[in-house]
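Since the structure comes first, as structure tokens, the remarks are kept for the end.
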Amino acid sequence: MTFSVLLASLLCYGSLVQCYNNRIVEDLLNVIFKLKNSKGYGGGQTSIPAFTATLSKDLTPPVNQIIIFDSVKTNIGGHYSSSTGVFTSPRNGLYMISATMRSTASKHLHCELWVNEAMKEKIFGTNLSTGTVNAVLQLKTGDKVFIRKDHRSGEGIIGRDWSMFSGYFIA
Ligand SMILES: *[C@@H]1O[C@H](CO)[C@@H](O)[C@H](O)[C@H]1NC(C)=O
């Protein structure tokens, strides 16, 4: 039971006539709740740094190269760059970062999640299957987060929105 349903139930307790208006009270309380919560991250939920980008074309990247996810779906605050493939943390805090990469047929695919000069997690896919990384990371302002091809050459990534890079500020 949500807080607003509970409140609405309390308000109409003992009065059958008033209970008829239960739904209206409930709706109003939901509106108030949403308005209050929208102030949470300093000016509404749409100001939470967040991005999602996919790879539009199939790619066989050179070794150790940053993967540029060129098709931007979400980029609140504009902290992901579709020309470099890098997300630059706009503020200190906890972030959720994810990536899924799909391998080309009959081949392996190895990629890595990096923050600045440090590799954090590895991604592996094989023969049209995907590999995924999820990372909750404590980032500082200006930290650079990106997906990189590892040292193995000749591996292909399937684009066409099958491979993606995404992240958002938690708190
Ligand atoms: C790749 O997957 C296909 C379809 O499942 C299968 O027929 C093929 O043998 C696989 N290739 C390798 C190298 O595992």
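The values are calculated or read from the model by the stated rules, or taken from the named source; none is laboratory data. Worth saying up front: this structure is predicted, and the values here are computed from it rather than measured. Note that we place each Cβ from the backbone using ideal geometry, even for glycine, and neighbour counts take in every protein chain shown.
When we screen Thr141, Thr100 for residues that are in a loop (DSSP other than H, G, I, E, B), on the phi < 0 side of the Ramachandran plot and modelled with pLDDT of 95 or more, the only hit is Thr141. Each residue in segment 48-89 was checked for being surrounded by fewer than 16 Cβ atoms within 10 Å (Cβ to Cβ) and touching a His at 6+ places or on another chain (Cβ under 7 Å), and 2 pass. Filtered by the rule that a residue be within 16 Å of the ligand (Cβ to nearest atom) and part of a strand (DSSP E or B), segment 158-170 gives a lone residue, Ile158.
The set of residues from segment 111-156 being under 28 Å from Ile170 (Cβ atoms) and within 16 Å of the ligand (Cβ to nearest atom) comprises Phe124, Gly125, Thr130, Gly131.
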